[in-house]
1. Please find, among ARG568, ARG596, ARG574, the residue that is more than 22 Å from SER105 (Cα to Cα) and among the charged types (D, E, K, R).
2. Checking the condition assigned to a loop (DSSP other than H, G, I, E, B), over 14 Å from SER606 (Cβ atoms), in contact (Cβ under 8 Å) with a residue 24 or more places away in the chain and in contact with a Phe, Trp or Tyr (Cβ under 9 Å, 6 or more places away or on another chain), which residue from SER546, SER512 passes?
3. Are any of the residues in region 720-739 more than 16 Å from ALA642 (Cβ to Cβ) and free of Cβ contacts under 8 Å to residues at least 60 places away in the same chain?
4. Quick check on region 340-355. Is at least one of its residues within 29 Å of the chain's Cα centre (by Cα), under 20 Å from VAL380 (Cα atoms) and among the basic types (Lys, Arg)?
5. Considering ASN620, ASN615, which residue is at negative phi, surrounded by fewer than 22 Cβ atoms within 10 Å (Cβ to Cβ), free of Cβ contacts under 8 Å to residues at least 12 places away in the same chain and polar (S, T, N, Q)?
6. If you check every pair at least six apart or on different chains, which have Cβ atoms under 7 Å apart with a residue in region 677-695 that is farther than 20 Å from TYR556 by Cβ first and a residue that is assigned to a helix (DSSP H, G or I) and open to solvent by 40 Å² or more (accessible area, probe 1.4 Å) second?
7. Please work out which residue is nearest to the chain's Cα centre (by Cα), limiting yourself to region 254-282 and to residues that are surrounded by 20 or more Cβ atoms within 10 Å (Cβ to Cβ) and not aliphatic (A, V, I, L, M).
8. Residues of region 109-133 being open to solvent by less than 20 Å² (accessible area, probe 1.4 Å) and not in a strand (DSSP E or B), which ones?
Amino acid sequence: MALKTLLKPKSSITKFFLSSLSFSSFCKQQQQPIFSFPSQSPPSPKKLPFTHSVHGVKLQDPYHWMSNTHDPDFADYLRQENLYAEAFMADTQVLQRQLFSEMTSRIPAKVSTPPEPWGPWFYYQYIPDGKEYPVLCRRLQNEKSSWFRKILNFGKGNSGKEEQVLLDWNEIAKQYGYVHVGTCRISPDHNFLAYTVDITGNEHFMLQIKDLRNGLIIPKLQKEGVVSLAWAEEGRVLFYTQADENQRPYRVFCTKVGFNDTEDVSVFVENDPNYCVDITSTKDGKFITVYIIDANNSLGGLQRIHERIPGIQYFLEHHHGFFYILTNAPLEKNGGCSEEDYYVARCRVEDIKSADWQDIVLQSEDFSIQDMDIFSGHLVLFVNKNGVSMLCSINFPLDADHNHHLEIDKLDPWFFPLPSNSCSVAPGSNHDFMSSLYRVVLSSPVMPDLIVDYDMSKRIFSIIQQEEVKVQHDVELKTNLPDTLDAEEVSDTQSKRENFQNCESQNWKDFSEAYFCERIEVKSHDGIRIPLTILYSPMTFKKGQSPGILQGYGAYGEILDKSWCPYRLSLLDRGFVLAFADVRGGGGGGDSSWHRCGSGLEKPNSIHDFISCANFLIHNGYVHKDRLGSIGYSAGGLLVGAAINMHPNLFRAAILKVPFLDICNTLLDPSLPLTVLDYEEFGNPQIQKQFESILSYSPYDNISKGTCYPSMLVTASFHDARVGVWEAAKWVAKIRDTTCSRCSTSAILKTNMLGGHFGEGGLYGGCEEMAYEYAFLIKVLRTPDHD
């Protein structure tokens with residue numbers, strides 16, 4: 001993106017003179033980095049008196065008017081802020097172009113996924129040369145070759161079969177200017193593609209069904225506000241959920257595909273606004289789960305699994321006449337268990353409504369169960385051992401009787417060998433119930449994405465593909481042989497040699513010698529140890545002097561993304577230290593209690609954890625005390641904003657991306673999308689005790705008057721349906737109005753007037769956005785590129 005130059009950089013003489021000074025004549029911050037400011041003043045929006053009283057507390061909010069996005073003054077204000085942000089960043093244009101060039105140069109010649117066999121087809125995606133978005137395709141398989149040979153032939157372009165384009169994101173973006181595909185589902189007979197698409201950014205998805213035999217969209221079946229999908233009756237019937245005006249999925253419909261004279265049938269309605277409805281099918285396609293629906297008798301009625309109990313969950317799969325249920329329901333016969341303890345139970349299909357469930361796989365002292373998948377011959381469990389994610393497969397049939405439950409290590413599990421303990425594991429689509437292969441994507445901060453097929457029958461694995469990364473000539477890649485994987489002795493019956501015998505695999509590469517990755521536990525305010533991942537280049541790192549960025553999220557039980565990102569190399573090579581704090585409220589602590597201990601009334605734990613990690617980086621010499629920045633996305637913006645309010649001198653820069661900052665006002669308005677559903681995560685301010693807790697850390701309500709705040713880049717999207725665009729705008733306006741008048745001029749607001757919560761995405765658009773953010777950090781933290 002070319003930015004108009006509104007201000008020339010300061011001359012070298014002026015720069016040298018200013019570098020020896022602080023802003024002591026302007027503010028209390030004695031070690032503020034020096035950088036150029038625009039000649040123009042930042043925008044000053046109107047203030048309108050507004051007071052509301054909650055539980056006897058009067059809240060003054062002169063920027064409340066911004067929540068009316070139809071007010072022309074608001075759109076005008078956002079445009080003024082965009083111009084000010086452009087002026088502030090004018091002296092980084094060359095740097096932005098350089099960063100963009102670096103990032104795009106690392107994009108491989110071919111961006112694609114390896115083909116995945118399913119039925120008679122290979123399914124795969126790729127991004128065409130020069131395009132922003134992927135294309136979903138398929139080819140018929142060559143029946144005479146082995147599955148591994150098929151994939152190798154495909155990669156060489158030797159399939160000999162005609163490619164069929166199923167869905168092209170680029171065509172939709174070209175037509176509407178924006179594209180976000182929510183859900184894609186191929187019918188069991190491979191004749192139809194059902195998908196949902198958002199063309200405005202407001203996450204109001206339209207259902208479309210494409211007949212893959214003729215390539216045409218079926219007009220009758222286009223539906224608005226659709227969220228999730230599930231096929232039944234071998235592709236003749238589709239179930240879908242529809243959202244209400246607050247974007248809560250609440251109703252399930254059934255439609256017949258190919259029958260023009262039939263109306264969609266409503267099969268379930270969730271009237272309680274505290275709950276939403278999801279729908280899926282079991283892996284074998286026999287049942288639809290929203291209660292339980294026989295997939296071969298779609299209108300035969302619903303069967304409830306269990307009465308609803310707050311906090312208790314049931315995830316259902318079917319296997320040859322048995323339901324397998326992953327649940328955290330209390331185990332009364334074992335003295336009860338907490339809501340954090342998930343286990344696997346089973347029962348015959350006809351016994352689902354009875355209490356006659358067999359608890360077959362329980363967690364142990366070493367292992368907690370996170371998730372499961374199921375195949376004809378194997379049960380796959382996602383487990384956590386001492387904070388490290390692992391996967392294992394267990395052969396069917398299970399050797400368990402009705403009177404005894406078993407721990408994982410008693411079921412002869414095969415633990416999938418993984419490259420390292422810092423590796424993240426994301427499952428592939430794994431559609432085929434009859435397959436003995438389980439595909440995963442492995443990644444770490446120093447290892448480009450690695451796609452691996454685990455053969456659960458032979459207990460061997462094959463590396464199918466690794467993301468290609470173009471690097472500088474002086475950056476060394478470490479080449480790993482298969483037998484160097486850290487298999488870890490997880491059971492006495494399994495050895496590394498057994499894991500890797502007859503392994504069909506090529507080598508893979510990582511950057512562990514060029515970039516160091518450390519996993520440390522930091523003691524928080526209450527003694528709890530918080531996982532902190534630290535990434536840096538030993539060639540550019542300077543102990544006690546380096547700039548650094550701390551990133552956090554800490555909500556909804558989500559694990560902070562620490563997978564490979566080639567963009568980061570542009571900061572690492574410039575001497576930055578990058579750190580990722582798995583604070584409570586997220587999912588990085590090993591079990592689901594980690595989430596509970598950072599949500600609701602315990603939410604302040606997340607903020608204290610983040611502050612403790614920031615202090616650790618400074619006190620242990622990873623980052624200079626005046627060169628630490630922070631990044632928070634969405635609910636992570638709440639985390640960072642609250643931490644800045646508590647300790648504004650701890651950070652010198654912050655990037656808040658579509659941030660959730662005005663939490664108190666938002667949760668007090670149940671008419672807003674998703675507000676009621678967020679009561680479970682953050683609390684309900686209509687309840688006084690919960691209101692007091694929320695108000696105590698709400699970023700917008702706790703900005704310190706007259707205090708020096710860090711430089712900030714705050715981003716927003718006008719059509720964001722998850723976090724209102726006004727939250728970022730109100731925060732920046734109040735920062736300027738309340739805090740140090742000099743420091744607050746380095747707070748900039750950049751609003752995407754077209755996109756939604758997830759931005760516009762795209763391969764090159766993502767590079768452009770990241771180059772802008774990195775240029776901001778380099779500028780305000782005064783790294784060599786901007787000195």
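The values are calculated or read from the model by the stated rules, or taken from the named source; none is laboratory data. Here the structure is a predicted model, which means the values were calculated and not measured. Please note: Cβ atoms are built from the backbone with ideal geometry, for glycine as well, and neighbour counts cover all protein chains shown. SASA here: full protein model, heavy atoms, side chains in, ligands and nucleic acids out. Shrake-Rupley method; radii C 1.70, N 1.55, O 1.52, S 1.80 Å.
1. Working: ARG568 fails: more than 22 Å from SER105 (Cα to Cα); ARG574 fails: more than 22 Å from SER105 (Cα to Cα).
None of the others qualify; the one that does is ARG596.
2. Values: SER512 fails: in contact with a Phe, Trp or Tyr (Cβ under 9 Å, 6 or more places away or on another chain).
Among SER546, SER512, only SER546 is assigned to a loop (DSSP other than H, G, I, E, B), over 14 Å from SER606 (Cβ atoms), in contact (Cβ under 8 Å) with a residue 24 or more places away in the chain and in contact with a Phe, Trp or Tyr (Cβ under 9 Å, 6 or more places away or on another chain).
3. no
4. No: region 340-355 contains no residue that is within 29 Å of the chain's Cα centre (by Cα), under 20 Å from VAL380 (Cα atoms) and among the basic types (Lys, Arg).
5. Values: ASN615 fails: free of Cβ contacts under 8 Å to residues at least 12 places away in the same chain.
That would be ASN620, the only listed residue that is at negative phi, surrounded by fewer than 22 Cβ atoms within 10 Å (Cβ to Cβ), free of Cβ contacts under 8 Å to residues at least 12 places away in the same chain and polar (S, T, N, Q).
6. Close Cβ pairs satisfying both conditions: LEU695/ASP701.
7. So the residue we want is CYS276.
8. Going residue by residue through region 109-133, those that are open to solvent by less than 20 Å² (accessible area, probe 1.4 Å) are 114-115, 122, 124.
Hits for region 109-133 are PRO114, PRO115.
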